[in-house]
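The values are calculated or read from the model by the stated rules, or taken from the named source; none is laboratory data. The structure displayed is predicted, hence computed values, not measured ones. Here the Cβ positions follow ideal geometry from the backbone for every residue, glycine too, while neighbour counts run over all protein chains shown. What goes into the accessible areas is simple: the full protein's heavy atoms, side chains included, and nothing from ligands, DNA or RNA. Shrake-Rupley method; radii C 1.70, N 1.55, O 1.52, S 1.80 Å.
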Amino acid sequence: MPMLKTGKAKGSEARLAKYGVFFVLPFLCVYAMFNLWPTLYTILLSFTDLKGFETKMHFIGGTNFAALVKDGNFWGAVINTFIMWGFNFAPQLGIALIFAVIFTDPGMNGLKGKNVFRAIFYLPNLLTAASVAILFRSLFAYPIGPINQFFTKIGIQAEVTRLNADNVQEVVKEAINFFRSPAWSRGIVSFIQWWMWCGQTLIMLMAGITSISPSLYESAVVDGATQSQQTWYITLPLLRPMMLFLLVTSIIGGMQLFEIPFLLTDMRGGPDYKIRTMVLYMYNTAFQGKNRYGYASAIAMGVFIITMFFSVLVFFFMQDRSEPKAKK
């Protein structure tokens, strides 16, 4: 009898499994249509010379990739991407970590308004990148944007050399043209990315800290450890997996930076192409100018390879190797 019941149970599970296919099928169809097929088609295009309004493509092997390796514009975009990602992620992780430690401190449980501050801190993450880019373009507008008006009132202005009525050069002070300065433009893009994603990082770090066993902190208090020692020797080491996750996902997202640099200035990464990211360069190549779809697909593959390389590199070096090896 037990064997018969087991056989019947397995038979019913097999019949139910057939119905599960119908629930999974819609997702598989959508995934194949909007994710898998575009990916495979991009790989195919990267080995062709398709461009403009042409419908026929010719297989040219690795010509696009050979040109990509020698393309100074692409490597300039790679440098721009890493600079803006670095100036965004470093303060983002540091500030979020400080607030996460403060908000998860048991002594802060009675603080009024703590949950409201958390919500406000996370709020920018809910805004669309397009609306944020338009907002900051208005704030830093030249010459009468709100930021320029504030700077002018406190005496912060740019010094510019101009010719006067007597055709003599003189130094005059005027409003700062933020989006004509590569340094200011990069700084604004990095700040926007930090402002938008710091709340998300804070929530993830707080989740990681609250998952740490309270008994570890209780034992540390009994042993006479201070708050800073608990943070340094308990919180930070045990947050390593969460920080690894945040770093890898930040690299993946940072290498795909597009909307803010695209909408903030001239849609080509100005000034002097210093905020042109890899994905923005890919877009310019594919949909502006000569519409070189084949070469743009090769750029997309280059972005994928660079992202995967650094993600695997970070994952390898940040793995916890402190556990002793098992004895043979």
Task: Flag if ILE212 is open to solvent by less than 20 Å² (accessible area, probe 1.4 Å) and not in a helix (DSSP H, G or I) - done: yes
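For residues in segment 223-255 being part of a loop (DSSP other than H, G, I, E, B) and either surrounded by 17 or more Cβ atoms within 10 Å (Cβ to Cβ) or hydrophobic (A, V, I, L, M, F, W, C) (or both), which is modelled with the highest pLDDT?
The extreme case among them is MET255.
Would you confirm, using the coordinates I've provided, whether THR201 is of a type in the set (Val, Ile, Thr) and under 29 Å from the mean Cα position of the chain (by Cα)? I'd like the intermediate steps shown before the answer.
Numbers: of a type in the set (Val, Ile, Thr): yes; under 29 Å from the mean Cα position of the chain (by Cα): yes.
In short, yes.
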Task: Unique residue being of a type outside the set (Asp, Glu), closer than 27 Å to GLN193 by Cβ and touching a helix residue (DSSP H, G or I) at 6+ places or on another chain (Cβ under 6 Å) when the list is LEU244, LEU263, LEU236, LEU313 - done: LEU263
Task: Only one of PHE309, PHE315 that is open to solvent by 60 Å² or more (accessible area, probe 1.4 Å), free of Cβ contacts under 8 Å to residues at least 12 places away in the same chain and of a type in the set (Phe, Trp, Tyr) - done: PHE309
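To keep it simple, each residue is scored yes or no on (1) hydroxyl-bearing (Ser, Thr, Tyr); (2) out of contact with any Cys (no Cβ under 6 Å at 6 or more places or on another chain); (3) touching a residue at least 24 places away in the same chain (Cβ under 8 Å).
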| site | (1), (2), (3) |
| --- | --- |
| GLY20 | no, yes, no |
| ASN35 | no, yes, no |
| THR39 | yes, yes, no |
| LEU45 | no, yes, yes |
| THR55 | yes, yes, no |
| GLY72 | no, yes, no |
| GLY76 | no, yes, yes |
| ILE79 | no, yes, no |
TODO: Restricting attention to segment 257-279, report how many residues are open to solvent by less than 10 Å² (accessible area, probe 1.4 Å), in a helix (DSSP H, G or I), of a type in the set (A, V, I, L, M, F, W, C) and within 15 Å of PHE179 (Cβ to Cβ).
DONE: 2
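Grab the helices (runs of 4 or more DSSP H) fully contained in segment 107-206, keeping just those with 1 or more residues being at pLDDT 90 or above and open to solvent by less than 40 Å² (accessible area, probe 1.4 Å).
Where helices (runs of 4 or more DSSP H) fall fully within segment 107-206 and carry at least 1 residues being at pLDDT 90 or above and open to solvent by less than 40 Å² (accessible area, probe 1.4 Å), they are 129-139, 146-153.
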- [ ] Using the structure shown, decide if GLY302 is touching a Lys or Arg at 6+ places or on another chain (Cβ under 7 Å), in a helix (DSSP H, G or I) and either aromatic (Phe, Trp, Tyr) or crowded, with 16+ Cβ neighbours inside 10 Å (or both).
- [x] no
Task: Residue among GLY113, GLY155 that is over 32 Å from the mean Cα position of the chain (by Cα) and at positive phi - done: GLY155
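Restricting attention to segment 91-105, does a residue exist that is aliphatic (A, V, I, L, M), over 24 Å from the mean Cα position of the chain (by Cα) and within 30 Å of TYR217 (Cα to Cα)?
yes
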Open item on the list: On the basis of being at pLDDT 90 or above, part of a helix (DSSP H, G or I) and open to solvent by 90 Å² or more (accessible area, probe 1.4 Å), does TYR31 make the cut?
Closed with: yes
